[in-house]
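One structure below.
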Amino acid sequence: MSRIHILDEETVSRIAAGEVIERPASVVKELIENSIDAGATRIFVEVRDGGISLIKVVDDGCGIERDDLPLAFQRHATSKISTSDDLFRLTTLGFRGEALSSIASVSRCVEVHTRTRSSEMGTYLRLENGRVAEIRDDGCPYGTSMEVRGLFECIPARLKHLSTPSQELARIAELVTQMAIIHHRISFELSSGRRSLFRSNASETWDDALIRAFGLRTVKGMISIMAKGDGFDLRGMISSPDNSRQASESVLVYVNSRPVYSKAVVQALRDAYRGFLQSGRNPVAVISIEIEPSLVDVNVHPAKREVRFLREGEIYDAVRDAALSALRSSAIPAAPPPRVAEPQLWSSRPQIQETLPLEVQTGQRVSEPLIRIVGQVLDLYIIVEDDDGIILVDQHAAAERIRYEHLLEKCENGSISQELIQPVTVELSPGEATLLDSFSAKLKEIGFEIDHFGGRAYSVRSVPAAVGLERPEAIRDVLREILHLGRACRTSFRDEALKLLACRGSIKSGEKLSESAMHRLLADLLACDNPRTCPHGRPVVVRISTESLEKMFGRR
């Protein structure tokens, strides 16, 4: 075993950088936060190749003094805190002083042009592989321009695990959109090459940024919420129940103007909407909490994505009560309560004998057994009896398998597309629009025919057949889900998209089936190539043999 030794400074820097700089969006986040802390009123972001070859952030903030500029790229160099006590009264977005050092250590080159308002001449600094290569006077405008080139060139393993440039660009677009909403007094612009992806105007309210992020139709239906507590103020916008979404990424949470994830806030919203939304639907919401710095810890995660509240229960109650009050007073009827029915174990109709081949175990097919459908239990499982015992069939998993193989067959023979009677216009977020452009060919392969309508609006002419996409809202939802799915599935996009479509159109848990519907489902299942599991790998059929039953009841 090797002796313990101290790592060299370069290795330590790169390990620390990996905690902060995970991908191009991490760099954009850190640079934008520095620009905001510098008092910028305009922030321009330019990227190439999804930020891998170039990230450029330009602001009109206070600039950096020449003597401070090289120091800013050293580890834990900061102007924002002085002692450990300052960590509990933070008023800035950045504070640990590791961002610029981390960026420089994982990039081939960083170039800075900066000038303060009190200086007649600006300063140019170039770092290569984390080390200062050149510093000189520069006739640049007020503010700071920072260019990061060749991200992760010195760390090939990290570069290999990045998503495609279009997917990385989508993450950057979503980040800039989120920052523009909460920092609405600053104008933001994001471009990739010659294409402008997002632009917002400085405003006293966040309405303009919200419209550019979610679209006018969604924002017009949102309800304002407000609350006050001991040491915190809460404001937000939540969607009406009839403008919900399938995806769960549509809730944005900010704490002291910092985009974060808070399990307490998200859960509070879900509880407030219980009874107003159908199961599986999610609201569109923007929640901003201004809280005393001593009551929140933003240093939980290296990239500051999560926060911990000192009195989390009070925050939960404030969000839930404010959202629930707004929903009740908005004169919008709640969704009908779920139907409660008496459990039905046995079918009320006379039993019908059918001769169906049923595959019940891996590698074993029972040849033409006599089976009898006993009934449906828990509105989810079909109970089947044969001479060897009892068979339980998960109706949702079975329907998923049937629909998946049906869609796969149509996809492979080129007949999956179904033209709509009237095209549906869909307005996407900047990140979603970027993903759609990059996945257009793959979307066409699974049945979507989509044309660019202008701006971030798209016209959907065709959808996958037999998936139940008749309503415009359903088309918008499933398209957004597939786009977000594509970000995580680079090599298996088609298969994962078909699984999603199969799940969406299948018989659900809680759906009562008639005798004939159960027989039809079993017959279709037996015609599948793989009736044993659903597309996600869960079992469809479970057998309880006669022998096992007799052992359970002490008969053996």
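The slack between Ala465 and His536, meaning 0.36 nm per residue of separation minus the straight C-alpha distance, is 23.5 nm. In the context of the full set of protein chains, residues of region 107-237 present 47 Å² of accessible surface per residue (probe radius 1.4 Å, heavy atoms only). With all protein chains kept in place, the per residue accessible area of region 517-556 amounts to 61 square angstrom at a probe of 1.4 angstrom.
Stretching Ser53 away from Asp388 to a fully extended chain increases their span by 114.1 nm, per 0.36 nm per residue minus the current alpha-carbon distance. Mind giving me the FRET efficiency for Leu378 and Lys220? R0 is 45 Å, r the Cβ-Cβ distance, nearest 0.05 is fine. Taking R0 as 45 Å, the efficiency between Leu378 and Lys220 is 0.65.
Across the accessible surface of region 193-235, with the other protein chains kept in place and a 1.4 Å probe, carbon and sulfur atoms take up 50 percent.
Label-to-label distance for Asp137 and Glu515 is 9.7 nm, based on points extended 7 Å past Cα in the beta-carbon direction.
For the cross-link pairs Lys56/Lys228; Lys220/Lys444; Lys499/Lys551; Lys160/Lys442; Lys160/Lys499; Lys228/Lys263, the ones whose C-alpha atoms lie over 29 Å apart are Lys56/Lys228; Lys220/Lys444; Lys499/Lys551. Karplus-based coupling profile of region 129-140, in residue order and whole Hz: 6, x, 10, 5, 9, 7, 9, 7, 5, 8, x, 9, with θ = phi - 60° in 6.51 cos²θ - 1.76 cosθ + 1.60 and x standing for Gly or Pro.
The values are calculated or read from the model by the stated rules, or taken from the named source; none is laboratory data. Because the structure is predicted, anything quoted here is derived from the model rather than measured. Methodologically, a virtual Cβ is constructed for each residue, glycine included, from the backbone with ideal geometry; neighbour enumeration extends over all protein chains shown. Heavy atoms of the whole protein, side chains included, go into the accessibility calculation; ligands, DNA and RNA do not. Shrake-Rupley method; radii C 1.70, N 1.55, O 1.52, S 1.80 Å.
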